[in-house]
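A short write-up of the structure that comes next.
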Amino acid sequence: MTSLLEIAGIGKTYRARERTVEVLTAIDLTVSEGEFVALVGPSGCGKTTLLKIVAGLLPATVGQVRFGGRPVTEPPPGLGVVFQEYGRSLYAWKTVRQNVELQLRHLDLSRARRRELVADALDAVGLGAAGDAYPWQLSGGMQQRVAIARAVAYRPRLLLMDEPFSAVDAQTRADLEDLVATLWKRYGMTIVFVTHDIDEAVYLSQRVVVLGAGVSGVQADIPVDLDADREQIGTRSSARFGELRTRVWTQVRRTPESEMV
Ligand SMILES: Nc1ncnc2c1ncn2[C@@H]1O[C@H](COP(=O)(O)OP(=O)(O)O)[C@@H](O)[C@H]1O
Ligand SMILES: [Mg+2]
């Protein structure tokens, strides 16, 4: 597999007046084309910061990100993002269809092709019949489906998701997880999925990358060798799932002072 994303020596220091906060230090991470990588770590360790740097929305203090071989200095084409706050990311005065279509505006597409991509994306997220609704008429879970449809409509090579399901109830969350797994297979995208939910990370990904607070570099990189076909109840109750989640937990809890394991 060729690497689609290369994060090399990334560091980030926020400077506000006289205070400086070093959030990320010497992060190296390579993601192959087609991979599903979960990124976990304690709150405040810099997960969102790293995603914003990868998305070209925030400059790194040191290091370089390459996407498809090219240095990222601004939001690159071929990269989609879904953030946690779906409510704020949708336009209330536009219909679901218009919200999804907006993302395709800057592409050189015929009107028919654009319509086709929008319809396909809405179908793919199970909202084929909701195109004329307004976001505020939909439940939180459905709004997040719209945000996902918008991100996948233009068929990104890389989809970045930042704790996309932390604001929905457990059942909706399980449905959305399975939706993302299906879309990943259907579109052959590469996904980097940030979550603070370790079970979700193991359930969805092929690899869990752990970031630590105040830790230099990536703290752990754990391959997830579960079957490709996963299912909420069966997969999560398997012995291997339990072993993997314990391994990830141990890494997330580990402080820099106790270098055991
Ligand atoms: N614009 C900013 N200016 C100063 N500090 C920031 C800014 N954005 C985030 N931080 C700080 O950087 C740290 C990491 O934040 P963040 O990347 O959001 O972590 P995570 O997503 O892992 O919870 C936190 O301590 C946060 O307060
Ligand atoms: Mg965050």
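The values are calculated or read from the model by the stated rules, or taken from the named source; none is laboratory data. In this text the structure is predicted, and so the values were computed from the model without any measurement. Here Cβ is always computed from backbone atoms with ideal geometry, including for glycine, and neighbour counts include all displayed protein chains.
Numbers at a glance
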item: Test: residue in the stretch 109-123 that is outside the structural domain of Ile7 (by TED's automatic domain parsing), in contact (Cβ under 8 Å) with a residue 40 or more places away in the chain and either within 16 Å of ligand 2 (Cβ to nearest atom) or over 15 Å from the mean Cα position of the chain (by Cα) (or both); result: no
item: Among residues of the stretch 11-36, those that are within 16 Å of ligand 2 (Cβ to nearest atom) and surrounded by 13 or more Cβ atoms within 10 Å (Cβ to Cβ), counted; result: 5
item: Residues of the stretch 163-197 satisfying the condition of being in contact with a strand residue (DSSP E or B) (Cβ under 6 Å, 6 or more places away or on another chain) and either more than 16 Å from Val82 (Cα to Cα) or more than 16 Å from ligand 1 (Cβ to nearest atom) (or both); result: Trp184, Met189, Thr190, Ile191
item: Among the candidates Glu231, Glu243, residue that is over 19 Å from the mean Cα position of the chain (by Cα) and closer than 30 Å to Leu79 by Cα; result: Glu231
item: Top-ranked residue in the stretch 25-69 [being under 16 Å from the mean Cα position of the chain (by Cα) and without any contact (Cβ under 8 Å) to a residue 60 or more places away in the chain; ranked as farthest from ligand 1 (Cβ to nearest atom)]; result: Thr30
item: Count of residues meeting criterion [in contact with a helix residue (DSSP H, G or I) (Cβ under 7 Å, 6 or more places away or on another chain) and either of a type in the set (Val, Ile, Thr) or more than 23 Å from Leu204 (Cβ to Cβ) (or both)] in the stretch 25-43; result: 2
item: Selection status of Ala213, within 15 Å of ligand 1 (Cβ to nearest atom), within 19 Å of Lys52 (Cα to Cα), modelled with pLDDT under 95 and among the hydrophobic types (A, V, I, L, M, F, W, C); result: yes
item: Any hit, the stretch 46-63, residues being under 21 Å from Val194 (Cβ atoms), assigned by TED's automatic domain parsing to the domain that holds Val208, hydroxyl-bearing (Ser, Thr, Tyr) and not in a loop (DSSP other than H, G, I, E, B); result: yes
item: Residue under evaluation Leu226, criteria (1) in a helix (DSSP H, G or I); (2) among the aliphatic types (A, V, I, L, M); (3) modelled with pLDDT of 95 or more; (4) surrounded by 12 or more Cβ atoms within 10 Å (Cβ to Cβ), criterion not met; result: (1)
item: The listed residue being among the aliphatic types (A, V, I, L, M) and within 25 Å of Asp169 (Cβ to Cβ), out of Val118, Val100; result: Val100
item: Among residues of the stretch 70-84, those that are within 19 Å of Ile191 (Cβ to Cβ) and without any contact (Cβ under 8 Å) to a residue 60 or more places away in the chain, counted; result: 4
item: Of all residues making up the stretch 105-128, the number that are assigned to a helix (DSSP H, G or I) and farther than 26 Å from Ala181 by Cβ; result: 5
item: Selection from the stretch 148-201 of residues that are of a type in the set (S, T, N, Q) and within 12 Å of the chain's Cα centre (by Cα); result: Thr190, Thr195
item: Selection status of Ala92, outside the structural domain of Gly214 (by TED's automatic domain parsing) and surrounded by fewer than 18 Cβ atoms within 10 Å (Cβ to Cβ); result: yes
